[in-house]
1. Hey, residue 281 hits all of (1) over 30 Å from residue 126 (Cα atoms); (2) in the same structural domain as residue 159 (by TED's automatic domain parsing); (3) modelled with pLDDT under 90 but one; which does it fall short on?
2. Identify all residues within the range 64-87 that are surrounded by fewer than 16 Cβ atoms within 10 Å (Cβ to Cβ) and either part of a strand (DSSP E or B) or modelled with pLDDT of 85 or more (or both); write none if there are none.
3. When you look at residue 286, is it over 48 Å from the mean Cα position of the chain (by Cα) and in the same structural domain as residue 128 (by TED's automatic domain parsing), yes or no?
4. Tell me which residues, restricted to the range 331-376, are buried (at least 19 other Cβ atoms within 10 Å of the Cβ), part of a helix (DSSP H, G or I) and touching a strand residue (DSSP E or B) at 6+ places or on another chain (Cβ under 9 Å).
5. Could you look through the range 222-241, keep only residues that are under 30 Å from residue 158 (Cβ atoms) and surrounded by 13 or more Cβ atoms within 10 Å (Cβ to Cβ), and pick out the one that is farthest from the chain's Cα centre (by Cα)?
6. Test residue 322 against the stated conditions and say whether it is within 40 Å of the chain's Cα centre (by Cα) and either under 22 Å from residue 102 (Cβ atoms) or modelled with pLDDT under 95 (or both).
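The values are calculated or read from the model by the stated rules, or taken from the named source; none is laboratory data. Since this is a predicted model, take the numbers as computed values, not measurements. Note that each Cβ is placed from the backbone with ideal geometry, even for glycine, and that neighbours are counted across all protein chains shown.
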């Protein structure tokens with residue numbers, strides 16, 4: 001399966017189409033076509049390697065981003081909190097500072113990728129023959145020289161005239177494909193953290209977190225692979241004929257006293273025989289969306305507003321800030337209701353902030369442009 005970044009496919013730019021007429025031996029046509037298709041597949045392999053390098057680069061950048069984020073939130077060691085059997089040191093808090101251990105969700109980037117759904121193949125294009133046309137005259141009747149001439153007994157017969165000779169042509173046999181469904185990654189496998197006690201909104205200093213594996217998800221893509229290249233069968237088309245009614249005197253001697261009636265008939269003669277050429281059918285592509293892991297889930301300490309500093313005025317300010325940004329937090333009355341919690345959860349999700357329940361991190365207040373309250 002070929003994957004490429006979402007750009008104009010550069011795979012086959014500059015690849016000239018193979019145009020070998022039937023005057024070239026069929027063996028040479030097949031060999032040239034085989035070499036051209038081999039070149040296409042070689043370029044596909046190069047792009048596949050390039051895609052893997054880009055994926056490795058993306059994972060490296062994600063790792064560096066995670067390291068920088070962890071450095072930004074690290075603090076001095078004081079307490080130790082159990083995290084699924086491991087230990088994560090807690091920061092040293094000064095008077096008026098409060099911290100909570102936050103589970104940062106994994107970051108998945110939904111990127112469009114172009115995949116080949118039908119391999120490069122070939123097709124036979126038949127060029128019909130060319131004919132030159134000549135005109136011949138055929139006596140189809142006889143008429144009297146004068147109006148008062150005595151009637152003459154006439155006989156009729158049908159004459160078959162060839163207007164186009166028989167000729168050979170080619171019947172294309174298209175390339176055949178085998179169709180199969182191939183699994184294509186839709187969402188990369190990753191890990192996340194959940195509260196070990198199952199609480200939906202953990203916000204306790206001694207909260208324990210458990211790692212949870214999320215299996216990869218796949219989508220089924222129909223893939224058509226070449227089973228057999230195209231070919232051409234020689235066929236013979238019969239001559240074309242017309243039937244013409246001809247009248248003439250029963251007594252041939254009467255022709256000398258009568259005027260012949262002529263009819264012009266166009267007759268074709270083969271000038272250029274039919275031929276065929278092979279042309280490359282470019283691969284068919286489809287754009288799909290694949291969610292790749294750009295930042296793994298992690299745990300980190302986040303400074304939050306201490307519980308005693310969360311006032312009615314602060315909640316009002318929070319509600320107004322959420323409403324101004326399009327998050328329906330309800331009336332700014334300073335009361336923590338369901339709408340406030342839902343609006344805050346959606347804002348955190350959109351801004352990739354950890355879910356801390358009613359605890360308000362200083363980073364959250366900064367993004368909402370709310371000054372951090374001073375310690376009481």
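1. If we test residue 281 against (1) over 30 Å from residue 126 (Cα atoms); (2) in the same structural domain as residue 159 (by TED's automatic domain parsing); (3) modelled with pLDDT under 90, just (1) comes out false.
2. 77, 78, 79, 80, 82, 86, 87
3. Values: over 48 Å from the mean Cα position of the chain (by Cα): no; in the same structural domain as residue 128 (by TED's automatic domain parsing): yes.
Taking the combined requirement at face value, the residue does not satisfy it.
4. 364
5. If we filter the range 222-241 for residues that are under 30 Å from residue 158 (Cβ atoms), which is where we start, we get 235-241.
If we keep only those that are surrounded by 13 or more Cβ atoms within 10 Å (Cβ to Cβ) as well, we get 237, 240.
Working: 237: 43, 240: 49 Å.
The selected residue is 240.
6. Details: within 40 Å of the chain's Cα centre (by Cα): yes; either under 22 Å from residue 102 (Cβ atoms) or modelled with pLDDT under 95 (or both): yes.
Criteria met by residue 322.
For every residue, the table says whether it meets (1) in a helix (DSSP H, G or I); (2) under 30 Å from residue 160 (Cα atoms).
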site	(1), (2)
247	no, yes
267	no, yes
317	yes, no
329	no, no
